[in-house]
1. Looking at segment 93-115 only, could you name the residues that are surrounded by fewer than 19 Cβ atoms within 10 Å (Cβ to Cβ) and either in a loop (DSSP other than H, G, I, E, B) or modelled with pLDDT of 95 or more (or both)?
2. Does at least one position in segment 203-221 carry a residue that is part of a strand (DSSP E or B) and either among the small types (Gly, Ala, Ser) or closer than 21 Å to SER281 by Cβ (or both)?
3. When the residues of segment 157-188 are filtered to those that are touching a Ser or Thr at 6+ places or on another chain (Cβ under 6 Å) and small (Gly, Ala, Ser), which remaining residue is surrounded by the fewest Cβ atoms within 10 Å (Cβ to Cβ)?
4. Only one of (1) among the charged types (D, E, K, R); (2) modelled with pLDDT of 80 or more; (3) out of contact with any Cys (no Cβ under 7 Å at 6 or more places or on another chain); (4) closer than 20 Å to SER142 by Cα fails for ASP224. Which number is that?
5. Would you mind stating whether GLY30 is out of contact with any Pro (no Cβ under 6 Å at 6 or more places or on another chain), free of Cβ contacts under 8 Å to residues at least 40 places away in the same chain, among the small types (Gly, Ala, Ser) and outside any strand (DSSP E or B)?
6. Might you check whether a residue that is touching a Lys or Arg at 6+ places or on another chain (Cβ under 7 Å) and part of a loop (DSSP other than H, G, I, E, B) occurs anywhere in segment 63-86?
7. Let me confirm something: among ARG261, ARG285, ARG272, which residue is charged (D, E, K, R), modelled with pLDDT of 95 or more and buried (at least 17 other Cβ atoms within 10 Å of the Cβ)?
8. Any idea how many residues of segment 139-187 are assigned to a loop (DSSP other than H, G, I, E, B), closer than 16 Å to ARG109 by Cα and either without any contact (Cβ under 8 Å) to a residue 60 or more places away in the chain or of a type in the set (Phe, Trp, Tyr) (or both)?
Amino acid sequence: MGRSLYSDRSDASSTIFLLSSGRSGSTWLGSMLHSLPETRMIFEPFHAGRGIPSLAAHRYFHISAEADNGDLAAGVRRLLTKSSWNPWVEQFNPAAQFVYRRRLLKEVRINLLLPWLLGRFSDCRFVLLLRHPAAVVQSQVSGGWLLSPDRLYGQPGLGRLPWVQDLKKLDSSDEAFERNLLFWAIENRIALDAATAAGIPVMLYEELCVEPEAQLAGLERYLDTAFLPAATEGAAEASWSSSKSVADYSLEQKISSWQTRILPGQMTAMLRILEASGLNSVYGRESMPVASGLG
């Protein structure tokens, strides 16, 4: 109950939306952002089983930037300004903290909503986190995240996009790796296009691993704040949501361990999907991104 008894005095300019695909390192980056003093963490409110039901209904759903959807906008505003009384959403806020002047909404299920969010919450700050799709998908599949692109192809505004049609035409198998990869490509191409058009930071997990201080320096300028030294002290550690074995990985292994596990056919499929979606300008067969400094 203590986590729900507080005064949130944040305004729009001190509100951060951190978006990514699941298993991309967002809990790790989120902990860095949460380390900013007096920051309220709003943790994954679109989670199907533990989040806010009215919001969870919109997970993995695309809404165009021009759409109204007043009910969803009201629900997000209510979540930002008032206690959710939800133990999952509030779990990282200390019970003894009674006043917040900054808030962080961290979510891995609303990349497709980014164009709409940018239009409805334009005074807020947004950060998009990307990670190599092979690493993401391997982690998703091993964790039981089976995401079918079929739930995206028929959505208004998605299925008619030329590059989505190109993805549908690929001779893809029913293997979980390929289906999750198609899903990853669609939700991240939508989010990346919106982020690029709006000029918001696009963080690349691999670059954050290699040079966390430099990457956070860019966020400091965008957020108009300064991180404490403690923000990067745990950079070499795995987040609580990672596999136990990841805690023992070296920096290089965290970035490139997927290369030792990917099968030749999966590599071929991945490169075809990246090319068809246009995301081969960001990632390819190497562990480090093709692009850098996107945000």
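1. Passing the criteria: PRO94, ALA95, ALA96, GLN97, PHE98, ARG101.
2. Yes, the conditions are met somewhere in segment 203-221.
3. GLY157
4. Only one criterion is unmet by ASP224, namely (4).
5. So GLY30 fails the test.
6. no
7. ARG272
8. 5
The values are calculated or read from the model by the stated rules, or taken from the named source; none is laboratory data. Owing to the predicted nature of the structure, the values given are computational and were not obtained by experimental measurement. Here Cβ is always computed from backbone atoms with ideal geometry, including for glycine, and neighbour counts include all displayed protein chains.
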